[in-house]
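FYI, it's all coordinate maths here, none of it is from the lab. No experiment lies behind these values; they were computed from the predicted model shown. Cβ coordinates were reconstructed from backbone atoms using ideal geometry, including for glycine residues, and neighbour counts include every protein chain displayed.
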Amino acid sequence: MSRTPKETSMSIEQEIEVKFFPIDIADIQQKLTAAGAQLKNPMRLMRRKVYGGEANATMDCTYGRVRDEGDVITMSAKYSAKNNSITSQKEAQIVVNNFEDATQVLESFGLVPTDYQENRRETWQLADGTLVELEEWPDLPAYLEIEGPSVEALQAVAAQLDLDWDKHLTVPTDGLYMTHHGLSNDEVRTKLSDLHF
């Protein structure tokens, strides 16, 4: 079976994104509409299986992930930010056909799954292509991610949404759980190992 280049090629690309936590979703939706953003994907359930670096010593990335995004299934290698630097985040991602088959492939390579997680996400896009993702996770206040072509693009969107740039975050979602609930690293690992609505 032939595949498109998007499905067969993979490169590690810089991922320029920040989080703002917590947010009021209804307020942000109004501001996105006022800014001319288009609703690209309505709120939908997403699920992911994560392969954390702490349990997979041979992995170069921070963690691997297979994610069912509702309209597409992806397999990713994620490199978290270093020293809170926005431009140090990286991701390699391919589209796959089946969630279960993709996880079986990774596990046949000897990777150990560390987490199963569910969340809900709504995706908006601004005229310049910058994405705003509204996120709901179990037992956590809502937050948003802004992803775009440059730090300046992210700052411009944050200003349009009346967000204080000085409060942006580059931590992964587990960092939000740690901060919000006052959890240790071990406690957050336990909490995120099986996360359902």
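Within the listed set Asn41, Asn56, Asn83, the residue fluctuating most in the Gaussian network model of the chain (springs between alpha-carbon atoms under 10 angstrom) is Asn83. Placing dummy labels 7 Å off each Cα toward the beta-carbon, the span from Asp139 to Ile12 is 3.3 nm. The dipole here belongs to the stretch 138-197: it is taken about the Cα centre, uses +1 on the Cβ of Lys and Arg and -1 on the Cβ of Asp and Glu, and is about 100 debye. Based on the Stokes-Einstein relation at 37 °C and a viscosity of 0.692 mPa s, and on the Kirkwood radius from alpha carbon pairs, the stretch 91-197 is assigned a translational diffusion coefficient of 201 µm²/s. Taken along the Cα-to-beta-carbon direction at a fixed 7 Å, the label points for Gln29 and Val95 span 2.8 nm.
Electrostatic tally near Asp174: other residues with Cβ closer than 14 Å to its Cβ, Lys and Arg +1, Asp and Glu -1, net -1. Measuring nothing but how far apart in sequence close Cα pairs (under 8 Å, 6+ apart) lie, relative to its length, the stretch 86-197 scores a relative contact order of 26 percent. Within the stretch 29-58, name every residue whose backbone N is under 17 Å away from a label modeled 7 Å from Cα of Lys167 along the Cβ vector. Those under the cut-off are 29-32.
Given a Förster distance of 25 angstrom, what is the FRET efficiency for Ser150 paired with Val105, based on the Cβ-Cβ distance and rounded to 0.05?
Numbers: r = 35 Å, r/R0 = 1.38.
Step by step, r from the Cβ atoms, then E = 0.15.
Using a cut-off of 28 Å between alpha-carbon atoms, which lysines can reach Lys78, once sequence neighbours fewer than 8 places away in the same chain are excluded? Cα-Cα hits under 28 Å: Lys6, Lys19, Lys40, Lys49, Lys90, Lys167, Lys191. Placing unit charges on the Cβ atoms only, positive for Lys and Arg and negative for Asp and Glu, gives the chain a dipole magnitude near 300 debye about its Cα centre. Mean separation of Cα pairs under 8 Å and 6 or more residues apart, divided by the residue count, gives the chain a relative contact order of 28 percent.
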